[in-house]
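Below: the structure, in structure tokens.
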Amino acid sequence: MKHDEKINGAPEVAAEIKRQILAGTYANQERLASERKLSEQFSCARGTIRQALIQLEKQGLVQIKPGSGSYVTRPEKTLDMSEIDQARPLELIDARFALEPHICRLAVLQATGRDLDKADALLREMEACGSDMEKFATLDTAFHVLLAETTENSILIWVVRQINSVRAQKQWERMRALTLTPPMVAQYNLQHRAIFDAILARHPEQAAEAMKRHLDAARSSLTQAVSDGTS
């Protein structure tokens with residue numbers, strides 16, 4: 001609002017305060033100025049301010065505490081799951097680059113003997129898949145989710161599960177058919193083993209670097225497949 005602009009109706013006052021709240025001018029749970037100061041700011045009666053605050057309270061943007069004041073209850077931004085659902089394969093690979101190397105570092109610190117036994121069993125199954133690419137893809141997902149689970153970090157586990165759930169979609173099926181060739185599967189098996197061996201040896205940076213190499217190979221494969229499909 002401009003300094004010389006006059007707003008003196010409750011709906012207009014409420015709209016301006018709402019705009020400021022949603023713009024992040026106020027922190028969540030921050031106390032608003034007193035009714036007297038707000039009335040001076042908006043050049044209107046205190047009753048008008050009171051009605052505006054009541055409107056904002058009904059919208060869930062303000063909580064009025066008698067004898068204390070009015071406090072912002074700005075809604076926290078939530079993740080729109082449709083954004084993950086609609087993400088392109090390359091976007092998800094890049095998101096994994098941001099997460100999974102550090103997950104490997106945490107796995108070095110947190111993984112139990114039972115976790116390592118499960119990981120080794122998954123790797124053995126993957127190495128025995130032969131030409132069954134669908135089975136390999138399922139086990140591949142399970143391996144990466146297991147690494148996240150070893151961290152015991154509920155947020156990381158949730159994010160990794162959400163990312164991997166998208167791999168069942170049609171665009172991923174098409175990409176999998178283009179990228180999961182026997183030579184690539186053989187390369188992935190070696191990379192998975194390198195990740196596992198580094199975690200087993202309790203070398204966090206080696207594990208992180210092994211994961212980066214693995215994801216880089218996956219990204220290069222996807223990039224080539226996309227390029228071939230658009231050329």
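The values are calculated or read from the model by the stated rules, or taken from the named source; none is laboratory data. All values derive from a computational prediction rather than experimental measurement. Note that each Cβ is placed from the backbone with ideal geometry, even for glycine, and that neighbours are counted across all protein chains shown. To get the accessible areas, we keep the full protein, side chains included, count just its heavy atoms, and leave off ligands, DNA and RNA. Shrake-Rupley method; radii C 1.70, N 1.55, O 1.52, S 1.80 Å.
Couplings 3J(HN,Hα) of region 27-35, computed from phi: 7, 4, 6, 6, 7, 6, 4, 5, 4 Hz, in residue order, whole Hz [Karplus 6.51 cos²θ - 1.76 cosθ + 1.60, θ = phi - 60°; x for Gly and Pro]. The string of couplings for region 122-128 from the Karplus curve (6.51, -1.76, 1.60, θ = phi - 60°) is 5, 5, 5, 5, 4, 5, 9 Hz, one whole number per residue in order, with x for Gly and Pro. Here the 3J(HN,Hα) profile of region 177-190, calculated from phi with Karplus coefficients 6.51, -1.76 and 1.60 at θ = phi - 60°, is 5, 7, 9, 7, 9, x, x, 5, 4, 4, 5, 4, 4, 5 Hz, Gly and Pro shown as x. Neighbours of residue 121 by Cβ distance under 12 Å: Lys/Arg scored +1, Asp/Glu scored -1, total -2. List the residues whose amide H sits under 5 Å from the amide H of residue 26, counting only those 5 or more places along or on another chain, with H placed 1.01 Å from N in the peptide plane. It is none; the list stays empty. In this Cβ point-charge picture (+1 for Lys and Arg, -1 for Asp and Glu), region 92-229 has a dipole of about 200 debye about its Cα centre. Among the protein heavy atoms, those of residue 88 account for about 130 Å² of accessible surface (1.4 Å probe, every chain in place).
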